[in-house]
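Just below is one structure, and these are the notes that go with it.
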Amino acid sequence: AKLLPELRAVLKQTSTYASFAEKSLKDPVALQELAKGWTQALKDIPAGGYALVPCGWADGLGKDNHCLLVVEDVAAPSPVADADKKMRVVLVNAGEGGIYHPSSVEAHPKLKRKTALTLGEIPFLRLTDPAFLATLLSQRKDHECHKVEVTYDALLPWLLDKPSIIDAVACSNEDEAADWRTPARGKTSAWKSLVEACRYILRRRGVSKAMLKQLMLQLRREM
């Protein structure tokens with residue numbers, strides 16, 4: 001029962017930063033402040049807690065995709081220095097970019113994908129690098145250079161300190177909380193990715209698929 005209030009608080013935090021981000025993308029100084037704000041927010045995550053960092057890209061030519069980073073503090077309850085701290089990071093994307101995620105045709109004719117791409121444990125200082133955060137967050141500003149390739153072929157490999165995200169694909173296949181899911185249809189990545197991120201978090205907390213089906217049904221009724 002306490003899982004939903006916890007999730008509600010995280011969503012409220014995400015909404016606050018997302019609203020500020022929409023106003024900050026055209027102002028370099030405000031963008032830096034946004035990156036600093038997220039750095040502090042991630043630092044303040046309690047042991048075992050998590051945050052949802054909204055990201056994505058918009059090329060100004062019709063492609064507008066939303067996704068989220070699920071950042072979880074997996075450290076022990078005792079204090080850990082920033083230089084030694086690691087955060088478990090997962091990119092949840094139900095829209096464009098699915099070709100970078102594991103896929104399956106076992107449910108043919110439906111194509112299923114792992115909307116959650118498990119990046120693994122990332123050093124805190126690398127995740128909160130000012131240049132990385134500012135670049136990641138700025139991708140939501142309309143610009144022809146802001147494309148799916150920037151996120152998956154440049155930013156994520158840098159975050160992983162690897163040439164590509166191939167290790168993340170393998171890690172996702174082993175992640176029991178990363179279920180096979182139906183990707184978004186049309187321009188619904190904002191809603192679908194948010195729902196998938198919430199679903200992933202609850203799966204990480206041990207909620208069963210059957211229980212989540214009931215929850216999603218109730219959510220649709222409320223909508």
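If you go through segment 1-45 and keep only what is outside any helix (DSSP H, G or I) and at pLDDT 90 or above, you end up with ASP44, ILE45. Restricting ASP59, ASP64 to residues that are over 21 Å from LEU127 (Cβ atoms), touching a strand residue (DSSP E or B) at 6+ places or on another chain (Cβ under 6 Å) and in contact (Cβ under 8 Å) with a residue 24 or more places away in the chain narrows the list to ASP64. Residue selection: GLY120 fails the criterion of being in contact with a helix residue (DSSP H, G or I) (Cβ under 9 Å, 6 or more places away or on another chain), within 22 Å of THR188 (Cβ to Cβ) and touching a residue at least 40 places away in the same chain (Cβ under 8 Å).
Pairs linking a residue in segment 84-106 that is closer than 13 Å to SER189 by Cβ and of a type in the set (Asp, Glu) to a residue that is open to solvent by 50 Å² or more (accessible area, probe 1.4 Å) and part of a loop (DSSP other than H, G, I, E, B), with Cβ atoms under 8 Å and 6 or more positions apart or on different chains, are GLU96/LYS63. Screening ALA184, ALA170, ALA154 for residues that are at pLDDT 95 or above and either under 17 Å from CYS67 (Cα atoms) or surrounded by fewer than 16 Cβ atoms within 10 Å (Cβ to Cβ) (or both) leaves exactly one candidate, ALA154. Just wondering, is there one or more residues in segment 135-150 that are farther than 23 Å from GLY37 by Cα, of a type in the set (A, V, I, L, M), without any contact (Cβ under 8 Å) to a residue 24 or more places away in the chain and part of a helix (DSSP H, G or I)? Within segment 135-150, not a single residue is farther than 23 Å from GLY37 by Cα, of a type in the set (A, V, I, L, M), without any contact (Cβ under 8 Å) to a residue 24 or more places away in the chain and part of a helix (DSSP H, G or I). Just the residues that are of a type in the set (Ser, Thr, Tyr) and more than 19 Å from VAL90 (Cα to Cα), please, taken from segment 1-59. THR16, SER19, SER24, listed by residue number. Entry remark, segment 48-89: residues being of a type in the set (A, V, I, L, M) and under 20 Å from ARG203 (Cβ atoms) number 10 in total.
Of all residues in segment 111-128, those that are buried (at least 21 other Cβ atoms within 10 Å of the Cβ), within 14 Å of ARG181 (Cβ to Cβ) and hydrophobic (A, V, I, L, M, F, W, C) total 2.
For residues that are open to solvent by 60 Å² or more (accessible area, probe 1.4 Å) and of a type in the set (A, V, I, L, M), scanning just segment 78-110, find the one that is nearest to TRP57 (Cα to Cα). Only one residue fits best here, namely ILE99. Only one of the numbered conditions (1) open to solvent by 60 Å² or more (accessible area, probe 1.4 Å); (2) assigned to a loop (DSSP other than H, G, I, E, B) is violated by ALA131, and that is (2).
Among the residues of segment 189-223, those identified as of a type outside the set (A, V, I, L, M) and open to solvent by less than 60 Å² (accessible area, probe 1.4 Å) are SER189, LYS192, SER193, GLU196, CYS198, ARG199, TYR200, ARG203, SER208.
The values are calculated or read from the model by the stated rules, or taken from the named source; none is laboratory data. Note that the coordinates shown come from a computational prediction; the quantities given were computed from them, not determined experimentally. Positions of Cβ are backbone-derived with ideal geometry, glycine not excepted, and every protein chain shown enters the neighbour counts. Protein only, heavy atoms only, side chains kept; ligands, DNA and RNA dropped before computing areas. Shrake-Rupley method; radii C 1.70, N 1.55, O 1.52, S 1.80 Å.
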